[in-house]
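Have a look at the structure below, then the notes.
The values are calculated or read from the model by the stated rules, or taken from the named source; none is laboratory data. Here the structure is a predicted model, which means the values were calculated and not measured. A quick note on method: Cβ atoms are made from the backbone with ideal geometry, for glycine too, and the neighbour counts reach across all protein chains shown.
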Amino acid sequence: MQQFHPHPYQQAAIDAILAKPGVALWMEMGLGKTVVTLTAIDQLLYDRLEVSRVLVVAPKKVAEATWQDEAAKWEHLRHLRISTVLGAAKQRLAALAAPADVYIINRENIPWLVHTLGRRWDFDMVVLDEASSFKNHAAQRFKALKAVRPRIHKIVELTGTPRPNSLLDLWAQIYLLDQGERLGRYITHYRREYFWPTEYSYEPRAGAASAVELRIKDIVLSFKAADHLTLPEKILDDIPVVLDAPARRAYKKLEQDYLLDVDGETITAQQAAALTGKLLQLCNGSLYDESGTVHPIHRCKLDAFDELIDVLGGQKALVFYGFRFDEEQLTETLKARHRGLKFAVLRTGQDAADWNAGKLDVLLAQPASCAYGLNLQQGGHHLIWYSLPWSLELYAQGEARLYRQGQTQSVIVHRLIVKGGADELVVKALNSKDRDQNRLMQAVKTHIREAKKGADQ
């Protein structure tokens, strides 16, 4: 067991949890938000006697082990009793009935929990791990928690990406902290004050971000890793993938067919995402038809991956892919071309443990499957983006699996980017200053206009 000696910024976070009835900790990955929160919980339970029953709401993978493992790691937290409220309904009910200090449930089961307990709701403290998953005011998980919010005496929100897509995402998160005191009791009030409507969405008014920040600054603490940690260097290695002539012709034809069918001036976020998904499939070498059948088109990116694994010469690599056919093709390539390497697809906690223990040379994973809570920095320092996600949240959380506290080597991020393909659109969106969904939409609109201009010439 380890002794916990909080850094000054960690102590500031602990003090805020102790002092405020509702507080958000916007802590970038690697800053120790779990141990900070558990330390505050311990003091509230046993030193101050201010709370008696704590609920932690987390993504499913995090709920399974992350908080439990963190409590077991530190000497001062070893006495905390934790009950994991997962599984079938019967198992969840048994876990709720078990004597414990902290109960951990996945966010999808919040409506079930609120309905099951009804008037018997007895959690006087709630922690929302990755609170950005409560950004949708229309979602059932938000509505359920909103219904019991008046009976919650203390609430803590944890996230490294509080508004991955837009300023609109903040209202629901802040409402759960203060019940509408700062940004309005209804989202309509929030929209009216800080946004102006467009044909398909809402755009922030001039100065809206600064005004919102001023309103919420007393209940939000923001910590950036670069300000508090001395981490090894992160090196970006963009690897251009050049399509061969047949692949380029096939890509361009299919790309044009998709682009010419869309009105670039009125494209919606959903259409942009679907279109980008198709184009990213093409970049990766295959395409799903309407029935879900995979149609191989080229192996150019697979060949580039093959060469990169050769260049690494046995150095361990975490590989992020996007589509199911990616998993199959990457697995086949590793089996056929790199028989001496041990690899696995991340599916269970044991796979993560094997990686961290040095038993695997290559770990394949979808970003969404390990976006939250998983510590993978002990297994290696090479990260390969075989397929880039257009979601900033997934991208940032993915990189943070390796680039976080405890990493002792420079992290090298290899991105396989098809020249002239949709990969470049995503890179532009991710590299942009505001890094939001609107940037991707603008990139797609420009791409559509260029395609139509080329078709007219």
Residue within region 144-165 that is touching a His at 6+ places or on another chain (Cβ under 9 Å), among the small types (G, A, S), at pLDDT 95 or above and in the same structural domain as V102 (by TED's automatic domain parsing) present: yes
Residues being of a type in the set (A, V, I, L, M), surrounded by fewer than 18 Cβ atoms within 10 Å (Cβ to Cβ) and assigned to a loop (DSSP other than H, G, I, E, B) - total across region 325-370: 2
Some residue of region 7-25 being over 21 Å from Q405 (Cβ atoms), among the basic types (K, R) and more than 19 Å from the chain's Cα centre (by Cα): yes
Residue match in region 90-111 (condition: in contact with a Phe, Trp or Tyr (Cβ under 6 Å, 6 or more places away or on another chain) and closer than 29 Å to Y46 by Cα): yes
Hey, D69 surrounded by fewer than 19 Cβ atoms within 10 Å (Cβ to Cβ), over 27 Å from H5 (Cα atoms) and of a type in the set (D, E) or not: no
Any hit, region 239-254, residues being under 30 Å from F305 (Cα atoms), modelled with pLDDT under 70 and out of contact with any Lys or Arg (no Cβ under 7 Å at 6 or more places or on another chain): no
Residue under evaluation R92, criteria (1) buried (at least 18 other Cβ atoms within 10 Å of the Cβ); (2) among the basic types (K, R); (3) at pLDDT below 95, criterion not met: (3)
Subset of region 373-418 that is of a type in the set (K, R) and in a loop (DSSP other than H, G, I, E, B) - its residue that is surrounded by the fewest Cβ atoms within 10 Å (Cβ to Cβ): R404
In region 367-404, the residues that are within 27 Å of D310 (Cβ to Cβ) and of a type in the set (D, E): E399
Residue in region 95-112 that is of a type in the set (G, A, S), crowded, with 21+ Cβ neighbours inside 10 Å and on the phi < 0 side of the Ramachandran plot present: no
Test: residue in region 128-135 that is of a type in the set (D, E), modelled with pLDDT under 95 and under 23 Å from V36 (Cβ atoms): yes
Near pairs, Cβ below 9 angstrom, 6+ apart or cross-chain, from region 189-202 (within 15 Å of Q271 (Cβ to Cβ)) to any residue that is among the hydrophobic types (A, V, I, L, M, F, W, C) and in a loop (DSSP other than H, G, I, E, B): Y200/I267
Exclusive hit being assigned to a helix (DSSP H, G or I), in the same structural domain as D178 (by TED's automatic domain parsing) and hydrophobic (A, V, I, L, M, F, W, C), set A138, A100, A95: A95
Scope region 278-299; condition among the β-branched types (V, I, T) and either touching a residue at least 40 places away in the same chain (Cβ under 8 Å) or part of a loop (DSSP other than H, G, I, E, B) (or both); matching residues: T293, I297
